[in-house]
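What follows draws every value from the coordinates through simple rules; no lab data is involved. Computed from a prediction, not measured in an experiment: that's the story for all the values here. Every residue, glycine as well, gets a Cβ built from its backbone with ideal geometry; the counts of neighbours run over all protein chains shown.
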Amino acid sequence: MANPTHYLEHDTPRRTRAVQALVALNVAILFLQWTVVSDTDLFATLGFRDASLPRTMGNALTYMFAHYGFWHLAVSMFALLTFGPRLESVMGTRAFTLYYLWCGLGGAAAHLLFVRSGVLIGSSAAVLGVMFGYAQHWPDDELALFGLMPVRAWTMVVVLAVANLAIGVTAAAELGGDRTLYLAHLGGLAFGWLYLRTPPAASIERLRQRISPAPDYHDEAPPRAIPRTLPRQRTQRDEVDEIVAQSKAIAAQHPVARAVVTPVRTSGEMRAAELDRVLDKISAGGLASLTADERALLDAMAKRLRGEG
């Protein structure tokens, strides 16, 4: 059995609503086929053929819920359960269901264009479309083939697609049908490719990745950019505060007659140069080497950086 090894990493549920409903509907119809309705009657009621168009156009949807037997159903449902939940969790239940039916219509369209004989049944077209969608979005994912051998998603898709078609062709031949009839299900791959090539559906995972990190702004005004100089100003302010505190402690231990400092209005460049000179003096001779005027300058600059001056 196959086990998608990346399901836990992406926190994808093992079962989703649409996948569960589709599997249950297919199993229920097979049960009716075994107990109540004969194969001939069921295929005549649900199967798709072009002999009586447009009266049987509704069968372009119903044919995908009838199967030749247990193994025919089992392989298709196994593939749906393997690839469907993660794709549904990304697309949404409604979109996934429509995509499944759309790919099923691809099988009916291929039957009309290339086969035009016999009765088409089986969910292979829809399931092949789901497998194709999974491989398109996560081609590098590794899945455990039969629980033992890790293979890439594309390899798993090819293996299950060949197995599905082989069983369908064999079952159709055993019932006296045309062996080429079942190959019409390849139309599901074509319709899946067509759907995923359209802009609304293309690259669902990429769209989610672009939307998820985007912040949700509730204000109409755009967010203001933060000046790149703020971290440097904050560091300089903290440094000056620490030096002023140490300077006051030393001044308390060694009282010095403090001269009256007349505030001098200088430009920003001159104040920065004076502050650099004082800091260089501290680096060379320590706080004790400062004069009262220089301590007053440090105190004034600290208040200015804190917005108090």
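Brief remarks on what is shown
- The simple spin-label model puts a point 7 Å past each Cα toward its Cβ; for Lys281 and Leu98 those points are separated by 7.8 nm.
- In plain terms, the chain from Thr45 to Ala74 could stretch by 8.3 nm, reckoned as 0.36 nm per residue minus the Cα-Cα distance.
- Take each peptide in 119-131, 292-304, count the other Cβ atoms within 10 Å of every residue, and average; sorted highest first, the result is 119-131, 292-304.
- Using a Förster distance of 35 Å, the FRET efficiency for Ala28-Thr170 (Cβ separation, nearest 0.05): 0.90
- Loop-resident chymotrypsin sites (Phe, Trp or Tyr not before Pro) (DSSP state other than H, G, I, E or B) in region 42-136 with no more than 10 further Cβ atoms inside 10 Å of their Cβ are absent.
- Approximate spin-label separation Ala273-Met57, in nm, with each point projected 7 Å along Cα-to-Cβ: 8.8 nm
- Karplus-derived 3J(HN,Hα), 6.51/-1.76/1.60, for each residue of region 123-137, Hz, glycine and proline x: 9, 4, 4, 5, 5, 4, x, 5, 4, 5, x, 4, 5, 5, 8
- Cut-off under 5 Å, modelled amide H: who pairs with Gly92 long-range: none
- Pairwise FRET efficiency - Ala245 versus Thr291, Cβ, R0 = 22 Å, nearest 0.05: 0.75
- Taking N as the residue count of region 123-165, its C-alpha radius of gyration divided by 2.2 N^0.38 Å amounts to 1.10.
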